[in-house]
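Note sheet for the following structure.
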2 protein chains.
Amino acid sequence: MPLPIETPAVLVDLDIARRNVHAFQAYADQHGIRVRPHIKTHKLPQMAELQLAAGAIGITCQKVSEAEAMVDGSPRITDVLITYNILGEAKLARLAGLHERVTLRVVADNPVVVDGMATYFADAAKPLTVLIECNTGADRCGVATPEAAAALARRIADAPGLRFDGLMTYPPADGAARVQAFMSEAKRLIEADGLEVPTITSGGTPSMMQAAEAPIATEYRPGTYIYNDRSLVARGVATWEDCALTVLATVVSVPAPNRAIIDAGSKVLTSDLLGLTGYGHVLGHDDIRIDQLSEEHGRLVSDGPIGLKVGEQVRVVPNHACVVTNMVDAVHIIGAGEPKAEWTVVARGRVL
Amino acid sequence: MPLPIETPAVLVDLDIARRNVHAFQAYADQHGIRVRPHIKTHKLPQMAELQLAAGAIGITCQKVSEAEAMVDGSPRITDVLITYNILGEAKLARLAGLHERVTLRVVADNPVVVDGMATYFADAAKPLTVLIECNTGADRCGVATPEAAAALARRIADAPGLRFDGLMTYPPADGAARVQAFMSEAKRLIEADGLEVPTITSGGTPSMMQAAEAPIATEYRPGTYIYNDRSLVARGVATWEDCALTVLATVVSVPAPNRAIIDAGSKVLTSDLLGLTGYGHVLGHDDIRIDQLSEEHGRLVSDGPIGLKVGEQVRVVPNHACVVTNMVDAVHIIGAGEPKAEWTVVARGRVL
């Protein structure tokens, strides 16, 4: 039976999402790890509320504008960590607005960012809380050494309007040992300098079930875990049944026996590969590969007859759920296999 | 001097865009080819007006909702071709709405699509005009043979509410000879069946300057030509000076001597590779590669010292301009190097 939903569309199975959230929360509770989910995966206040109700202590956002949309969207979102270097008066002004509304933490990995915040936030009575981003092997942002972390901690602590709160990292997969080593040494150096390190926060869904192997971390920021995706199935972290987000598409052409075209292309599935071959998994069709996307066309190919008809609906698990969320103005919420609601993705496209 | 624009942001240089549009229009005029630009690249009624003023006969859209947004956006858009198989009552109803407002053409490449339209559009006094999509080597949609095109033309012609108008193809690069061969044979077969073939429409920016090598085509549908991008520079079709669309980004971290992070990631630049290595070209920094994107981070690397400072702005030519347009709610229009206006991307995200 086709779903009564115009395609292409992004579907989110609420039962699966809830199960995924509770599964990691149970693990974290067992190991005494606080959970601060990254909302980039869903960009929905309703999902953040579900995560908070399950036991999360707050949310993580990547950009100021994303945090604004989430805070605007739910009175229950009162604790936000923005894991991004924030630069420039315009963004600092928006940050100050958020600082009035919620318990706010930000990060910095260099003196330019710290000094910019120290200039803008100068009120010792209401300091801005800052963590230091550390590079534990992902080689994106982050100070390179525990010594650099200690120096930056001192700089933050010396700014009257800033409050040093600890360390943050986005580690590579299977990076728990490196997190433990870097953070232990950084904490030791910072404490030797007379500062406390209340918070050490790590993240990443692929290795979340090894979070306890870096016991120095007090907090974990999983993102994709609420939806899962093809990349996590490929890593063995989830099964197809754990994938809450799927793309509903219609076969619009079967121009050759072993080729079909669906109405979902890169404008929905995106070109993210995450190391995989092909652009998604067609549920129930293990023999089919999505070998090419253009903006509005997804090309499905098979070795034998493709077994699809024009007009037929298919459901695709995308390579990367988070980026798919960002492509649509609204997602269709599914419960017990039926469409229940359409939720506006309020934090979509918030890149500032 | 930094631009007074919050980053990341998509900039469009209007002078360059105008020059690009006029350059192809001049070529097409010289060869007697009608121009029907694909609006997927800009998604802006203002840019469509620029193209129409330069001599374009109408516009091309990929989806019904995209056409609606463009027609809503400008009274000068009165002639629209939708190059997509349209299926299902909901989309056909929207198509009927457009059919009341503008001169409309659609395509089909299979009997299911033709029969669906024939059932919905049954008024011989106001028939829906249909072209047949042909596969000339791109292996996406399209009937596979001239014989199949002729059979589908007959089916369209026999439907009282449909009017057969000709043939459409999206050829592979350097496909002019294949277009000429396929279309000549299909036209011969269809005419032998007693039908006329008024329109033969081809497209694609990479080979647009070889359009005249398929003289059977009456019309050409370039898209990316208005902005150009890194993929077209790599093909030798454009230079960096011809690239009207750039992404303005700020360096937020220089965590290692040969690595910098900008605040534009896949949420602006997208992961489209189009066969290239890396995710864009940093203007003025030929030695720098964008080797990795996450949603909000672009990683820039170099062999020697990277030569960038935290807080510095850079401009990036993306691999693929069309998909970048789709990532933002508005673009910043630049004239004579200065910001002039912000234009809402009205057809962004229109996937239905």
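The values are calculated or read from the model by the stated rules, or taken from the named source; none is laboratory data. Quick caveat: nothing in here was measured; it's all calculated off a predicted structure. Ideal geometry is used to build each Cβ from the backbone, glycine not excepted, and the neighbour counts take in all protein chains shown. We work out accessible area using only protein heavy atoms, side chains counted, and drop any ligands, DNA or RNA first. Shrake-Rupley method; radii C 1.70, N 1.55, O 1.52, S 1.80 Å.
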Amide H proximity to A:Tyr170 below 5 Å, modelled H, separation 5+ or other chain, gives A:Cys134, A:Thr136
Among the trypsin sites (Lys or Arg not before Pro) within the stretch B:241-324, which fall in a DSSP loop and have no more than 16 other Cβ atoms within 10 Å of their own Cβ?
-> B:Lys309
Considering amide H positions built from the backbone, and no H for Pro or chain starts, which residues 5 or more places from B:Leu128, or on another chain, come under 5 Å of its amide H?
-> B:Leu162, B:Arg163
Rounded to the nearest whole Å², what accessible area per residue is found for the stretch B:92-229 with the 1.4 Å probe?
-> 36
In degrees, nearest ten, helix A:14-30 long axis to first principal axis of chain A (Cα) | 30
Can you list the residues of the stretch A:4-20 that have at least 50 square angstrom less accessible area with all protein chains present than in their chain by itself, probe 1.4 Å?
-> A:Glu6
Under the Karplus relation 6.51 cos²θ - 1.76 cosθ + 1.60, θ = phi - 60°, what is the ordered set of whole-Hz ³J(HN,Hα) values for the stretch A:298-307, x standing for Gly and Pro?
-> x, 9, 9, 10, 8, 6, x, x, 6, x
Just the number, please: percent antiparallel of the DSSP beta bridges in chain A, rounded to the nearest 5.
-> 45
Check each residue of the stretch B:131-145 and keep those whose accessible area, probe 1.4 Å, is at least 50 Å² smaller with all protein chains in place than in the chain alone; give them in order of residue number.
-> B:Asp139, B:Arg140
For the A and B pair, go ahead and give the buried accessible area with a 1.4 Å probe, both sides summed, in Å² to 100.
-> 4500
Test assert for the stretch A:65-92: residues whose accessible surface shrinks by at least 40 Å² between chain alone and all chains, 1.4 Å probe, equal A:Tyr84, A:Leu87, A:Lys91
Pop out the carbon and sulfur fraction of the accessible area of the protein assembly as shown as a percent, whole number, probe 1.4 Å.
-> 51
Rounded, prolate or oblate: which fits the stretch A:31-223 when a ≥ b ≥ c are the square roots of the eigenvalues of the alpha-carbon gyration tensor, with rounded for a/c under 1.5 and prolate only if a/b beats b/c?
-> oblate
Which chain A residue comes nearest the axis with its C-beta when you rotate A onto B, and by how many angstrom?
-> A:Ser271, 2
Note, the stretch B:49-57: 3J(HN,Hα) by Karplus (6.51, -1.76, 1.60, θ = phi - 60°), whole Hz, Gly/Pro = x, goes 4, 4, 5, 5, 4, 6, x, 5, 8
For A:Gly32, inter-copy label-point distances (7 Å, Cα→Cβ), nm, shortest first, read 8.5
Only helical DSSP H runs with n ≥ 4 go in: add -39500 (n - 2.57) per run for chain B, normalise by residue count and round the 222 nm mean residue ellipticity to 500 deg cm²/dmol.
-> -8500 deg cm²/dmol
What angle, in degrees between 0 and 90 and rounded to the nearest 10, separates the Cα long axis of helix A:111-120 from the longest principal axis of the Cα atoms of chain A?
-> 80
at A:Ala90 the sorted inter-copy label distances (label 7 Å from Cα on Cβ side), in nanometres, are 3.6
With 0.36 nm assigned to each residue of separation and the Cα-Cα distance removed, A:Leu352 to A:Glu89 gains 93.4 nm
HN-Hα J in Hz across the stretch A:195-200 - Karplus 6.51, -1.76, 1.60, θ = phi - 60°, x for Gly and Pro = 10, 8, 10, x, 10, 10
